[in-house]
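*Asks:* The structure's right below; bear with me while I get my questions together.
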Amino acid sequence: AGELACVIQSPTSAVFDRIDAMGAVAELSVPSATEVLRRASRELPSPLNLLAAIDLVECNDISALPLVEEGARTSPVLIISDKGYRMEQHWGRALAGIKDPAAIPALARMLAVDDSEIRQGAVEGLRNTDSEAALEPLSQALYDSNVWVRWDAVMSLATITHQKEWYPFWDQFKDNEQLYLDHWKAWAIQR
């Protein structure tokens, strides 16, 4: 992690070498690796700091969640270009890695962004918190305009409330969507 940090922090390192080093650090399961990414999210210039924030959030470290939330509100995709290379990273990918209930308010706010993949990632993050505090925003996601977000909301509610009989596979949901939505909407009102 220390050697990779040198590559990440060095202003003379090529952009994509720094990106590769951040990816390698994100794969390490040691506290020093997390600190390397935290430092990168605070100190590197944009868009490298944003990529470090994505890596942190994807690993359930929400210290940089405000950067991810702001990025998600601005554009659905983080684009990095340098010397003929281009990389696109969708913000929604990171949100699905969240498990920390402290992220619920930010995830709930991200249910209002225009991009359906971000909303879907937010729903998956809410489910992964396994917290009753996630039930209200998940209930609101039942009204989403995107069928995948609605399906994820139904599965998330069934998971958190342990109502496995109301956890549909995609084909079941697709064939009986209104049945599942009606059940969960009624459940939310009665709660």
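The values are calculated or read from the model by the stated rules, or taken from the named source; none is laboratory data. What you see is a predicted model, and the numbers here were worked out from it, not measured in a lab. For neighbour counting, all protein chains shown are included, and Cβ atoms are generated from backbone atoms with ideal geometry for every residue, glycine included. These accessible areas exclude ligands, DNA and RNA; they are computed on the full protein's heavy atoms, side chains included. Shrake-Rupley method; radii C 1.70, N 1.55, O 1.52, S 1.80 Å.
*Asks:* Determine the per residue accessible area of the chain with all protein chains present and a 1.4 angstrom probe, expressed in square angstrom.
*Replies:* Details: 9490 Å² over 191 residues.
Heavy-atom accessible area per residue stands at 50 Å².
*Asks:* Please identify, among Ala14, Ala40, Ala141, the residue showing maximal mean-square fluctuation in a Gaussian network model of the chain using a 10 angstrom Cα cutoff.
*Replies:* Highest fluctuation among the options: Ala14.
*Asks:* If I take every Cα pair under 8 Å that is 6 or more residues apart in the range 11-128, average their sequence separation and divide by the length, what percent do I get for the relative contact order? Please list the in-between numbers first.
*Replies:* Working: 172 pairs, mean separation 22.9, N = 118.
Result for the range 11-128 is 19 percent.
*Asks:* If the range 70-138 were replaced by its equivalent ellipsoid, with semi-axes equal to the square roots of 5 times the Cα gyration tensor eigenvalues, what would those be, largest first, whole Å? Before the final figure, lay out the partial values.
*Replies:* Numbers: eigenvalues 136, 26, 14 Å².
Semi-axis lengths for the range 70-138 are 26, 11, 8 Å.
*Asks:* Pick out, in residue order, every one of the trypsin sites (Lys or Arg not before Pro) in the range 57-100 that is DSSP loop and has at most 11 other C-beta atoms within 10 Å; say none if there are none. Walk me through the numbers before you get to the answer.
*Replies:* Numbers: sites: Arg73, Lys83, Arg86, Arg93, Lys99; in loops: Lys83, Lys99.
Hits after loop and neighbour filter: Lys83.
*Asks:* Reported to two decimal places, what Rg/Rh ratio describes the chain when computed on Cα atoms with Rh from the Kirkwood expression? Let's see the in-between values first.
*Replies:* On the way: Rg = 18.4 Å, Rh = 17.5 Å.
My calculation puts Rg/Rh at 1.05.
*Asks:* Which ³J(HN,Hα) values, rounded to whole Hz and listed in residue order, are derived for the range 48-65 from phi using the Karplus coefficients 6.51, -1.76 and 1.60 in 6.51 cos²θ - 1.76 cosθ + 1.60 with θ = phi - 60°, glycine and proline given as x?
*Replies:* 5, 5, 5, 5, 4, 4, 4, 4, 4, 5, 4, 8, 6, 9, 8, 4, 9, 4
*Asks:* Continuing with the same structure: Dividing the Cα radius of gyration by the Kirkwood radius, what Rg/Rh value follows for the range 1-89? Walk me through the numbers on the way to the answer.
*Replies:* On the way: Rg = 12.1 Å, Rh = 12.9 Å.
With Rh from the inverse mean 1/r over Cα pairs, Rg/Rh is 0.94.
*Asks:* Restricting to DSSP H runs of at least four residues, report the calculated mean residue ellipticity at 222 nm for the chain, -39500 (n - 2.57) per run over all residues, nearest 500 deg cm²/dmol.
*Replies:* After summing the helix terms and dividing by residue count, I get -19000 deg cm²/dmol.
*Asks:* May I ask you to rank Thr34, Thr129 by accessible area, largest first, using a 1.4 Å probe over the protein chains only?
*Replies:* Details: Thr34 45, Thr129 15 Å².
Of Thr34, Thr129, the descending order of accessible area is Thr34, Thr129.
*Asks:* Could you pull the accessible area for Ser29 with a 1.4 Å probe, rounded to 10 Å²?
*Replies:* 120 Å²
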